[in-house]
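The values are calculated or read from the model by the stated rules, or taken from the named source; none is laboratory data. Keep in mind it's a predicted model, so treat the numbers as computed, not measured. Here Cβ is always computed from backbone atoms with ideal geometry, including for glycine, and neighbour counts include all displayed protein chains.
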Amino acid sequence: MLLAIDTSTGTSVAVVDRSGILAETGTDDTMRHAEVIGGFIRDALAAAGVAPSRLSGVAAGMGPGPFTGLRVGIAAAQAFALGIARPLVPIVSHDAIASAWYRDGGSGALQVVTDARRREFAVTGYDALDADGLPVRTEGPALAPRDSVPPARGIRLDAARVSAGALGMLAELAFSAGRLPLADEQPLYLRAPDVTPSAGSKKVLR
């Protein structure tokens with residue numbers, strides 16, 4: 001049983017096990033990740049009737065996504081996993097979207113697109129599901145200007161929020177297939193943060 005968290009676009013939190021999604025809550029709001037994440041974790045666990053001690057791990061959406069929002073979910077997932085002494089399971093957020101689409105009956109080439117801000121989209125291409133039922137990535141994730149996203153080879157799917165339920169179910173599927181980890185623990189920011197330390201900054205003497 002997993003707690004799953006994604007803040008690569010909006011904010012989504014879910015509790016899943018191998019049978020399916022037990023509870024899920026979230027918002028498409030891209031500006032209030034830090035304000036809502038704690039309440040969503042509490043509400044998802046309560047709705048599922050699951051105590052933290054029953055969880056076997058925490059699945060975290062690693063992006064692609066904007067720096068500010070994405071790091072909130074990853075930090076929350078890391079802290080929660082550390083607090084319950086369970087492993088962190090990193091998942092590429094676009095993989096969760098693709099996995100859910102294919103498992104809902106989609107077929108052929110798929111292009112997943114999410115808002116990366118600054119008039120850019122994050123884009124990832126997929127081909128199908130492999131023998132273990134995991135999505136096959138063919139290109140990306142990469143950034144593209146909103147007005148010049150490469151033409152989709154098949155279906156273009158624009159997602160306003162990544163479902164943490166889909167994220168958790170992909171993690172469960174990968175675990176059953178012996179395919180973890182599916183992603184690195186390095187976030188897919190695709191772009192440097194807006195604010196960086198000045199090269200000429202001075203240390204404060206005390």
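From the list V149, V162, the lone residue that is of a type outside the set (G, A, S), without any contact (Cβ under 8 Å) to a residue 60 or more places away in the chain and surrounded by 14 or more Cβ atoms within 10 Å (Cβ to Cβ) is V149. Taking the numbered list (1) surrounded by fewer than 18 Cβ atoms within 10 Å (Cβ to Cβ); (2) modelled with pLDDT of 95 or more; (3) not hydrophobic (A, V, I, L, M, F, W, C) in turn, D194 passes all entries but (2). Among the candidates A47, A76, A85, A51, the residue that is buried (at least 16 other Cβ atoms within 10 Å of the Cβ) and among the small types (G, A, S) is uniquely A76. Applying a threshold of 7 Å to beta carbon distances and a minimum spacing of six or more residues, or different chains, the list of pairs starting in the stretch 101-114 at a residue that is at negative phi and ending at one that is among the acidic types (D, E) and modelled with pLDDT of 95 or more reads A109/D127; V113/D158. Does P64 count as closer than 30 Å to A131 by Cβ and in a loop (DSSP other than H, G, I, E, B)? For P64, the condition - closer than 30 Å to A131 by Cβ and in a loop (DSSP other than H, G, I, E, B) - is met. Filter the stretch 137-163 for residues that are assigned to a strand (DSSP E or B) and charged (D, E, K, R); which is farthest from G125 (Cα to Cα)? Per the criteria, the residue is D158.
If the condition is being buried (at least 19 other Cβ atoms within 10 Å of the Cβ), assigned to a strand (DSSP E or B) and touching a residue at least 40 places away in the same chain (Cβ under 8 Å), then the stretch 8-27 contributes T11, S12, V13, A14, V15, V16, E24, G26.
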